[in-house]
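J.: Shown below is the structure under consideration.
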Amino acid sequence: MRYAIYYTPGQDEKLARIAANWLGRDPFGAATRPVEAVGDLSAAEVAFHTASARRYGFHATLKAPFRLAPNQTEASLRAALDAFAAATPPVVIPRLVVGQIDGFFALVPEKPFAPLNDFATEVVRAFDPFRAPLTEAEIERRSPDALKPDEFRNLCQWGYPYVFDTFRFHMTLSGRVGPEESPRLRAAIDGLFADVLRQPVPVDSLTLFVESEPGAPFMVLSHHALGRSPARKTA
């Protein structure tokens, strides 16, 4: 079993609903749903391009998937999330846009936004005591030979290559897409998300996801409102 601390909008928020329809899955407990054609893309093409992102659900990684340290429990993790969230104010991203990172499409901040990076840093540091060290096999799965030296150090020390100076806030919408298919996929995503991306995006919660067994879809375990009161339990 692995846990992850992500940002994702509340289940009933418009951004979450659009993303769940696009990916074909709602991580808040709903079953997989048939994907639909979008723009010039057929339903089969959408399903193909979203297959890898579907398992994780719509999210931005703050604390990457981890096994619990031997001295921690799910209850202690959830209690710590309650306390951290209640004491931490929300961060509002002025605007998200459709971008492409290493070949996959994602929603990313339009411009670098220091308060968001500072917030992500706090999450990484606060919850690292709950993380069991990576095994050699887990490190190998990250293709360490392809990482830059600082990314490899982050992987070994913090369990994820892209933290602190290498952090990139992104909400994944597809797997890797070749240059031939990228224009059609971008056009479909742009059209689908255009209206909702005109508004600022409040990062106003932390969401605890769980992978019940290797390869299982990640599901929401609890949703913790920032700067307010205790978690809204969903499972």
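The values are calculated or read from the model by the stated rules, or taken from the named source; none is laboratory data. Quantities reported herein were computed from a predicted structural model and do not represent experimental measurements. Positions of Cβ are generated from backbone atoms using ideal geometry, with glycine treated the same way; all protein chains shown enter the neighbour counts. Side chains included, ligands, DNA and RNA excluded: accessible areas come from the protein's heavy atoms. Shrake-Rupley method; radii C 1.70, N 1.55, O 1.52, S 1.80 Å.
Per-residue answers, yes or no, for (1) open to solvent by 20 Å² or more (accessible area, probe 1.4 Å); (2) part of a loop (DSSP other than H, G, I, E, B):
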position: R142; (1), (2): yes, yes
position: F169; (1), (2): no, yes
position: L173; (1), (2): no, no
position: P214; (1), (2): yes, yes
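J.: For L208, are the conditions met, namely being in a helix (DSSP H, G or I) and in contact (Cβ under 8 Å) with a residue 60 or more places away in the chain?
T.: no
J.: Select from segment 21-31 the residues that are in contact (Cβ under 8 Å) with a residue 24 or more places away in the chain and more than 16 Å from S52 (Cβ to Cβ) and list them in ascending order.
T.: Going through segment 21-31, the residues in contact (Cβ under 8 Å) with a residue 24 or more places away in the chain turn out to be 22-29.
Scanning segment 21-31 gives D26, F28, G29.
J.: What pairs can you find where one residue is in segment 110-137 and modelled with pLDDT of 95 or more, the other is polar (S, T, N, Q), and their Cβ atoms are less than 6 Å apart, with a gap of 6+ or different chains?
T.: As it stands, the answer is F130/Q72, since those pairs meet every condition given.
J.: Just the residues that are open to solvent by 50 Å² or more (accessible area, probe 1.4 Å) and not in a strand (DSSP E or B), please, taken from segment 175-197.
T.: P179, E180, E181, P183, R184, R186, A187, D190, G191, L192, D195, listed by residue number.
J.: Same structure again: Considering only residues that are charged (D, E, K, R) and open to solvent by 80 Å² or more (accessible area, probe 1.4 Å), look in segment 125-140 and name the one that is nearest to L81 (Cα to Cα).
T.: Here is the first cut: in segment 125-140, the ones charged (D, E, K, R) are 125, 128, 131, 136, 138, 140.
Subsequent filtering for residues that are open to solvent by 80 Å² or more (accessible area, probe 1.4 Å) retains 125, 136, 140.
On the way: R125: 13, E136: 28, E140: 29 Å.
Going through the qualifying residues, I end up with R125.
J.: If you take the residues in segment 198-209 that are of a type in the set (A, V, I, L, M, F, W, C) and in contact with a helix residue (DSSP H, G or I) (Cβ under 8 Å, 6 or more places away or on another chain), which one is surrounded by the most Cβ atoms within 10 Å (Cβ to Cβ)?
T.: Out of the qualifying residues, it is L206.
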